[in-house]
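What follows is a set of notes on a single structure, which appears directly below.
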Amino acid sequence: MNIVTLDFETDDYGGYRHKLNPYNPRTRIVTGQFKYNEEETRVYSYFKQPLMKDEWPEGLVLDNVDYLVGHNIKYDLALIWQHKQLQDWLKAGGQLFDTMVIQHFLNGFDTTTKKLKLDFVSEEYGFPIKDDYVAESLKAGKKVSELDEERVIAYGKQDVDNTYGIFKKQIKHIKTRHPKSFYELVKLFSQRIVALVCMEYNGLLVDKEILQTKIAEYEVLLATQQKALEKVFKQKLGDDVDTNILSTKQLVAVLYGGTVSVDVFEHKLKDGKPCYFSNKAQKAGQPILIRSTKEKYIQGFGYHCETYTDKGAQATTKTALQDLYIKHSNEFITQYLDYKKNSKLYSTYYKGFESCIAWDKRIHTQYSNCSVVTTRLSSRAPNFQNMPGIFRNVFKTSKKYMVAFDYNQLETRILANETRDPILLKELETNKDLHRENAAVVFRKDPKDVEDKERKVAKGVSFGLAYGAGAKTIALTMKIPLSLSTHAVKCWYDKYQKVVITTTEWTKEVEKNTKLVDGYLKSYYTNPYGKMYSFVEVIGENRKHYNISPTVIKNYRIQGTAADILVIAEVMVMRWLFDHPHLYNKHIKLVNQVHDELDFEFSEEGVRYIPEIKAIMENVPMYMKQLLNYDFTVKLIVEAKIGPNLGDLVEYKI
């Protein structure tokens with residue numbers, strides 16, 4: 001097995017919102033460090049003339065190389081992504097290992113950022129820490145090319161030497177202490193980086209006209225909501241208070257009662273007489289006022305607070321407000337939550353989209369393999385994973401069509417496979433409408449008499465439970481009475497008894513492994529093919545219960561398996577694209593992953609290959625058996641939808 005360990009040091013010359021974005025045309029490679037197997041690391045300096053992105057670095061030779069190894073190799077790969085030498089190597093079967101991804105697995109998917117940084121991992125494995133000079137200089141805002149060349153070269157060489165040493169120790173640890181399936185899964189997550197770089201590089205094309213229209217609509221909505229909230233604040237706080245609906249102190253006073261600050265203005269006195277501005281002053285003849293503040297007690301709604309922060313303050317978190325609404329049904333609370341939600345959506349998505357549009361009118365989000373404990377994919381700049389459906393029509397195609405391949409009821413199918421619940425398995429096998437069947441139980445009707453709104457309730461319960469939600473969260477999300485959501489959840493668990501039994505066994509295993517360490521509850525759980533999840537919960541002063549939530553435990557198991565399915569799908573789809581070079585990027589372009597969906601741009605000629613991609617994604621259970629020795633016997637169904645943008649899609653009938 002021939003390995004090249006690599007690392008680049010780069011400069012960013014502006015032109016994009018996010019520093020050191022590898023897709024910025026103005027990013028430059030300043031040094032390249034390459035270690036061929038056990039040989040001495042070769043360092044190539046481009047200080048005199050830094051390399052442009054996609055310019056092939058001198059010294060990097062991929063002939064007869066089986067693996068490229070790096071720490072956060074996605075960044076390094078992106079810098080040379082478009083070069084023919086790399087593309088040819090990948091098409092010929094070249095593979096990756098990322099020591100950061102491997103460490104994420106060995107840490108049990110603990111998302112503490114510092115634990116994945118190269119210096120931290122180096123120290124953990126007994127390797128020397130790099131020179132602080134370079135790191136501190138970069139933090140101070142200097143460019144790599146402005147630093148001492150010899151020290152930068154030494155810095156980069158240490159990076160590569162440490163990475164190679166870490167890699168050898170990681171692989172030895174995995175092969176001696178973990179099943180072969182764990183090793184294969186690590187390889188898949190590393191190889192998945194090829195698909196991530198492909199999607200990041202291609203990006204999503206933005207329809208600026210639609211985006212501007214949406215921004216204007218949202219600004220009107222937020223202004224209306226803000227005005228309504230300010231009216232309630234003014235009623236409760238009084239005219240003498242300068243209201244601020246974003247003030248936690250004022251919100252506490254409105255909800256629970258409490259003190260707020262009031263501005264007081266008094267005449268400035270001299271010898272017992274008021275002072276006035278002189279004739280030369282802009283406010284000539286007006287009295288001089290001295291501003292001070294005093295505390296004023298507000299009764300507010302007078303609700304009893306049942307939730308406190310760890311510091312003992314009355315809580316105004318989303319969960320605390322949702323609890324208040326369930327108890328008091330006050331529309332002000334839902335209005336406030338809606339305003340906060342819409343403000344977040346506006347700043348994160350509409351305005352966030354606008355600030356992330358790059359030179360090519362596309363958004364090149366940055367995906368992370370190592371930010372979520374369930375190993376689900378995350379993204380930033382912007383976060384596409386939490387993007388509501390109303391934003392999707394902002395993204396259009398530069399070809400003919402947008403095509404989305406989405407796994408149908410993936411979490412439910414995973415739950416059926418993991419628990420082997422006979423009723424759930426039979427319903428999926430016979431293609432019954434699960435939500436209609438469950439709604440019939442909840443509302444005591446014949447399935448054919450179930451109304452759409454009743455089916456919607458059952459669907460919300462199924463999806464909520466799959467994502468680890470409880471009755472309270474489902475009630476708030478769907479805006480239905482807590483009594484109804486509680487009843488619907490009970491009906492669901494009464495129907496699927498094997499689900500209850502199996503998930504209870506998962507909880508017992510986690511509880512058996514739980515320890516209290518320095519104020520933290522710590523535990524772990526290992527799935528059938530060796531994937532270990534760590535559980536960590538902070539024990540605050542106001543915590544009443546000292547256990548790890550059963551819904552969290554179930555969520556990790558279900559979402560973790562869903563993540564693995566998507567990883568395998570991406571790897572296999574990329575292999576297929578590489579095997580069809582006449583289609584790759586020319587007629588079929590992979591541009592995004594969100595939740596259980598892969599998004600593509602298709603030309604007219606590429607459309608006839610939709611069934612092949614659909615079949616690859618549906619055949620993931622076969623690959624799970626071959627690579628992980630894991631039996632996934634429930635049929636996976638992928639729905640293909642096609643349209644001019646991501647929002648206006650219709651079913652593609654095969």
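Key figures for this structure:
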quantity	calculated
Packing rank of 95-107, 219-231, 255-267, where each peptide gets the mean count of other beta carbons within 10 Å, highest leading	95-107, 255-267, 219-231
Solvent-accessible ranking of 534, 122, largest area first, probe 1.4 Å	534, 122
Packing-based ranking, highest mean first, of 233-243, 562-572 given that Cβ atoms within 10 Å are counted	562-572, 233-243
Rounded to whole Å, sorted largest first: equivalent-ellipsoid semi-axes of segment 244-379, Cα gyration tensor	44, 28, 13
Debye, to nearest 20: dipole size of segment 1-137, +1 on Lys, Arg Cβ, -1 on Asp, Glu Cβ	600 debye
Estimated D of segment 333-383 in µm² per second, where Rh is the Kirkwood radius over Cα pairs and Stokes-Einstein applies at 4 °C, 1.567 mPa s	103 µm²/s
q = 0.10, 0.21, 0.23, 0.27 Å⁻¹: log10 I(q)/I(0) that the Debye formula gives for segment 164-244, counting C-alpha atoms only	-0.65, -1.02, -1.04, -1.14
log10 of Debye I(q)/I(0), alpha-carbon scatterers only, for segment 507-654 at 0.16 Å⁻¹	-0.91
Among 464, 435, 394 - extreme Cα towards positive end, dipole of segment 372-484, charges at beta-carbon	394
Violating pairs (Cα-Cα greater than 27 angstrom) within the set 53/91; 168/508; 456/641; 172/635; 208/318; 214/459	168/508; 172/635; 208/318; 214/459
Cα-based shape type of segment 460-524, given that a ≥ b ≥ c are square roots of the gyration tensor eigenvalues and the cut on a/c is 1.5	oblate
Efficiency of FRET from Cβ geometry, residue 433 and residue 633, R₀ 25 Å, rounded to 0.05	0.70
Ranked by how many other beta carbons lie within 10 Å on average, peptides 355-364, 515-524 from highest	355-364, 515-524
Rough spin-label spacing in nm, given labels placed 7 Å along Cα→Cβ, for residue 270 and residue 625	9.6 nm
Stokes-Einstein D in µm²/s, Kirkwood radius over Cα pairs - segment 257-324 at 25 °C with 0.890 mPa s viscosity	154 µm²/s
Span from the segment 290-360 Cα centroid across to the segment 88-119 one, whole angstrom	38 Å
Given charges at Cβ of Lys, Arg, Asp, Glu: segment 322-466 dipole, positive-most of 350, 450, 423	350
Matching label, Rg and Dmax of the Cα atoms in Å computed from the structure shown, candidates [x] 37.0, 128; [y] 24.3, 79; [z] 28.8, 94	[z]
Residue 240-residue 136 FRET efficiency (beta carbon distance; Förster radius 60 Å; 0.05 resolution)	0.75
Expected 222 nm ellipticity per residue - DSSP helices of 4 or more, -39500 (n - 2.57), all of the chain, to 500	-14000 deg cm²/dmol
Reach of residue 48 by Cα under 23 Å, taken over lysines that are not fewer than 8 positions away in the same chain	19, 35, 139, 142, 143, 157
Efficiency of FRET between residue 327 and residue 150 - r from beta-carbon atoms, R0 60 angstrom, step 0.05	0.35
Anchor residue 117: aspartates and glutamates whose Cα lies under 12 Å away (excluding residues fewer than 8 positions away in-chain)	159
Spatial separation of Cα centroids for segment 477-511 and segment 371-427, in angstrom	22 Å
Between segment 232-289 and segment 151-212, the Cα center-to-center distance that results, in Å	57 Å
In nm, spacing of pseudo-spin labels at residue 172 and residue 355 (7 Å Cα→C-beta vector)	4.7 nm
For a label point 7 Å along the Cα-to-beta-carbon line of residue 215, residues of segment 347-374 with backbone N under 19 Å	347-365
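The values are calculated or read from the model by the stated rules, or taken from the named source; none is laboratory data. These numbers were taken from a predicted model, which means no experiment stands behind them. Heads up, the Cβs are rebuilt from the backbone with ideal geometry, glycines too, and the neighbour counts pull from every protein chain shown. Just so you know, the surface numbers come from the protein's heavy atoms only, side chains and all, with ligands and any DNA or RNA stripped out. Shrake-Rupley method; radii C 1.70, N 1.55, O 1.52, S 1.80 Å.
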